[in-house]
Each structure stands twice: as structure tokens, then as C-alpha cells.
Amino acid sequence: MRIFDPHIHMTSRTTDDYEAMYAAGVRALVEPAFWLGQPRTSPESFYDYFDSLLGWEPYRAAQHGIQHFCTIALNPKEANDPRCVPVLDELPRYLAKDRVVAVGEIGYDSMTPEEDDALARQLHLAIHHGLPALVHTPHRDKAAGTRRTLDVVKESGIDPALVVLDHLNELTVGIVLQSGCWAGFSIYPRTKMSEDRMVEVLKEHGTERVLVNSAADWGRSDPLKTRRTGDAMLAAGFDKAAVERVLWDNPVAFFGQSGRLELDPEPDAPEPDESSSFEGNSIRRGGA
Amino acid sequence: MAVTTPNPSAPADPRPALPAALTPQGRAWLDEATARPTAIRALFPAVRRRCGHTPLTGHRTVDEAARAVLLTALPLRGPALADELTRLHHHGDPAEQRAVLRALPLLDPGGPDGAGDLGDLALPLLREALRGNDNTLIEAALGPYAAAHLPDAVYRQAVLSCVFCEIPLDRVAGLGDRADVELARMLADFARERIVAGRAVPEDILPIVRSLASADAAALYGTDGLDGVT
Ligand SMILES: [Zn+2]
């Protein structure tokens, strides 16, 4: 099983996790910039974090056979702290980097006016830089927060095909898919969404424009939840192609829209077909 | 010890091999970018996407060579040049930082162009890379500019770092000229620790230990290298 985890915070994970993820089939991942648990108190603290998402963490991942990409943004929680908001002015210099494949995580936490402003500004940055946007939906008041997020996405003028709304559940998936946006699901050990519920969602809504991630971070979470979901899909009668579509093809297609998702060929990768091969044996998706 | 000329065997200038490796679009973009030196802060991060990143020559890549073209086209010298390089390095991702480090010998009076009159001003960039954990940056820092400018103590520590990080010593510029008795002692001590721990000793430290270390340190290895050492 070949797995692309489209949302995982490796900064908070150990080398044991990297090894276990590789063994489970994870070959590529996207690490969104997010809250570190401990509040930051100055923009400089973000810049070191962004540098680490672009430098140290991809280097660490590569040592375990995993390709690491990231998304860059001011997260919704810290968008409420006036000491952190100047980060928005410096984002363009990070959004120009090769391994940045989206703007994110942006979105709502408590749905404050400050969060409104940061979300709108960062959707415009995504448009300006030709990047997709990874949008977190709030854990509290999720349904209302998701509707409000969709309104702001619509107002911004960004192509909904470039937007994923993440941390969805049975109650929010319908309106998101209807809007033309992608639907992201974070599979957690105990709360929010489990692999079995995920299988039911896939049965009802299909595998198109659906992303499944572990969202593993510094909290109670499990970086192998992508694999567990793949196993649950097979056990429920989905074929291998459907699993590959959800766990690999879909994230590659979504982040490939950045034009920056350059995946190295791997020894155990399936033979690339005519349309996915580029310059001989290298697999490069997403165009210029 | 004797100060130093950059290692002539190190391929310091990747630019001549570049034109043949660029697509027409890549070349046109680079020509245009080169003519706009005031826009370098916006253009420098985009090089890899515009010009490509395939291997070029030695251990260089197309993007490194293209970035060297942009840096050597800057109409800046001395402190002004050092400031711009520092900024590009500070705001750069690892690929950009490698490119800045590798271009330093081209901007140094002792380098092939001697274009930028850089002198010692870029030493802080080397020190930052050498403090880090990224082997690719450590290796990029240890080119002819490092061989010409790093103080002895820093140079020795850098070589020792390479041995620890398993960076082959033939990637370190100027080692033939700059290796001294003190470096040989450090490497011999390192070898002793490894032998006590039952671990392998990298072969590429042997020539330095043999030719420069004290007789009893060199005798660690006998005359046939690492026979008996596991
Ligand atoms: Zn997250």
C-alpha cells in the first residue's frame, strides 16, 4: 500500500514514527504550519518554524525514505494574537519556496473578526501565488464554522478545486463536496473520526475529491491512521485501486495543482503510465 | 601552518557547463533574471522551478549553477555584496543556502572571477552552516572559500564534523594544504575512540594520520591500514 499523508505535523513526532510510517507504506507527506501547543509571542518565532518546515524536517524525513512537503500560513488560533499578526506581511517570501505546496492551515478556530481577516487575506495570497489552500474547520461549532468557511472561500474568488476543507465529519462532508471544494478527513484514535466511520463516508460519498490524513501532532494521535483506513477500506470490500486513489492519487492531484509537488521515483513504485512519466523515469505531476 | 590556496581539483565554477543543460525557456528566463539584479530577492527562490535541478558536473546541479550566475551578476562589492548574500542565505531554503555557499569562491578575490571583493565577510554564513546538522550544507560550506578563509581551529573542527557525519573528505576543499599536525592528532584520537568502541574507522582519515600524526598515533594503523581493526 502506497500512502501520501496530506496532513501530519512531523515536527512533533519521533524517528520511531518515521520508521513505522515507512514500514506502513508512507512515502510522502505534507506538513501544514500550525500551532505548536505553546503560544508564540513574536513573528521571529514563526520564521524559525517555517525554516524548519523547509529545511530540517524534509532532511529528517528523507533519511527515512519519506518525501516531505509543507504548507505555510498564520494559523487561526494565533491569528488572534496581535503580536503574531505581522507574520502575514512576511508570508510571500515563504510562499515562493519550492517545497511549499499550499497555503495552510488557515481557517477558523473561534470565528473571531481577527480570524475573518486572516482567512480572507491568506486566501488572496493563495490566489496570488497560484497555490492551493488547506483550510482547517473548527472543532467547536463545526457545522456553522464550515458553512461560514465556505462563504468566505466563495467570496475570495479562489477556484474551489484549489481548496480543501479539513477535519470534516458526516455532518459537514455533503456541503463541502457540493461546493466544489475537496473534503479532508482526519482520523483520530478516539475522537472526531474513526477509520470505520471513514469507510462509511466513502461508501456514501465516493472517493472523488476526498483526502484522508492522520493529522498526527503533539496531542493524542496516531501517524498510522492512514494505513489503518486503507486496511479498513479493503476489509469493507473496496478494491486496491480505490485505496490507492484515496491514499495516494488524490493528495498527489490536489497538491500537484501547486506545480511544485516533485515526487522522486521510488524503487517499489508501480510503473508510471504514459501520462504520468516525465523526462524518462522521473514521476512528476502537476505541470509547470 | 602554511596559508593556503584553494584546492585546484575542486570544480569551483559550474557555470561553463550550464548553457548546454538549460531548456530554451530556462535560458531565456535566466538571461532576463540576470539583467534585473535589483529583483534578485524575488527571483532567487524561483530558480529551481524555472531552470531545473538535474545534476550538472561534479556534485553540482543546474539550479546551483544558475543561482551562481545570478549572484556573480550582482553589481555589488565588499560589504554591500556580503549584506545581500547574507540576506539571501538567511531567507533561503536549503537549496538556496547551498547555492549561496557554493558561489562564495566565485565572489572572492582569490576565486576565478575575483568579482565581488568579498574577503572574509561571508565567514558568518560558513559558521552557521557548520554549526548545523544538514550534511548537504556542511559539505557546501567547505569549498575553496572555506579553505582560503576559515581560521585553523574552525577548519579542523569542520573536518572532524565531516568524519562524524560521514561526509567523504575528498569533498573538503584544500585539505591537502590545510591538514596539520593538530588535525592529525584529533583524527588519531577519534580513531582510538572508535577502536575502543569496536566500531569501524573511516579509511579516508588514514592519509592525514599517517603523514602528520606522531609516530605512536600513526602506529595505530600499522603499515597496512586498518588490518585487525573492526
Ligand atoms: Zn493540523
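The values are calculated or read from the model by the stated rules, or taken from the named source; none is laboratory data. The model shown is predicted, which means the values in this text are computed figures rather than measured ones. So basically every Cβ, Gly included, is an ideal-geometry build from the backbone, and we count neighbours across all protein chains shown. Protein only, heavy atoms only, side chains kept; ligands, DNA and RNA dropped before computing areas. Shrake-Rupley method; radii C 1.70, N 1.55, O 1.52, S 1.80 Å.
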What's the number of the condition A:Trp56 fails, among (1) of a type in the set (Phe, Trp, Tyr); (2) in contact with a His (Cβ under 9 Å, 6 or more places away or on another chain); (3) more than 16 Å from the ligand (Cβ to nearest atom)? (2)
Please name all residue pairs, on different chains or six or more residues apart, with Cβ atoms under 7 Å, provided the first residue is in segment A:209-232 and is more than 13 Å from A:Asp17 (Cβ to Cβ) and within 13 Å of the ligand (Cβ to nearest atom) and the second residue is of a type in the set (S, T, N, Q) and open to solvent by less than 10 Å² (accessible area, probe 1.4 Å). A:Asn213/A:Ser186; A:Asn213/A:Thr226; A:Ala215/A:Ser186
Does segment A:59-66 contain any residue that is in contact with a strand residue (DSSP E or B) (Cβ under 8 Å, 6 or more places away or on another chain), in a loop (DSSP other than H, G, I, E, B), more than 16 Å from the ligand (Cβ to nearest atom) and not β-branched (Val, Ile, Thr)? yes
Cβ pairs under 6 Å, 6+ apart, first in segment A:258-274 and at pLDDT 90 or above and part of a loop (DSSP other than H, G, I, E, B), second open to solvent by 90 Å² or more (accessible area, probe 1.4 Å) and among the small types (Gly, Ala, Ser): A:Gly259/A:Ala288
Quick check on my filter: what residues within segment B:66-91 are within 24 Å of B:Pro16 (Cβ to Cβ) and within 14 Å of chain A (Cβ to nearest Cβ)? B:Ala66, B:Arg67, B:Leu88
Taking A:Ile8 as the residue in question, decide whether it is over 26 Å from A:Ala144 (Cβ atoms) and either within 16 Å of the ligand (Cβ to nearest atom) or not in a helix (DSSP H, G or I) (or both). yes
Any chance segment A:173-192 includes a residue that's open to solvent by 40 Å² or more (accessible area, probe 1.4 Å), within 16 Å of the ligand (Cβ to nearest atom), more than 25 Å from A:Ile127 (Cβ to Cβ) and among the basic types (Lys, Arg)? yes
One residue from A:Phe50, A:Phe69, A:Phe46, A:Phe34 being in a loop (DSSP other than H, G, I, E, B) and within 16 Å of the ligand (Cβ to nearest atom): A:Phe34
Log entry, pairs with first residue in segment A:106-130 being under 28 Å from B:Arg49 (Cα atoms), second being of a type in the set (D, E, K, R) and open to solvent by 50 Å² or more (accessible area, probe 1.4 Å), beta carbons closer than 8 Å, six or more apart or on different chains, reads A:Ala120/A:Glu155
For segment A:83-118, the count of residues that are closer than 19 Å to A:Arg40 by Cα and assigned to a helix (DSSP H, G or I) equals 9
Is it the case that segment A:188-208 has a residue that's touching a Ser or Thr at 6+ places or on another chain (Cβ under 9 Å) and touching a residue at least 60 places away in the same chain (Cβ under 8 Å)? no
Inspect all residues belonging to segment A:223-246 and state whether any of them is in a loop (DSSP other than H, G, I, E, B) and under 13 Å from the mean Cα position of the chain (by Cα). no
Among the residues of segment B:195-217, the number that are at pLDDT 90 or above, farther than 19 Å from B:Arg171 by Cβ and not hydrophobic (A, V, I, L, M, F, W, C) is 2
Evaluate the following for A:Asp81: is it more than 19 Å from the chain's Cα centre (by Cα), in contact (Cβ under 8 Å) with a residue 12 or more places away in the chain and under 23 Å from A:Gly219 (Cβ atoms)? yes
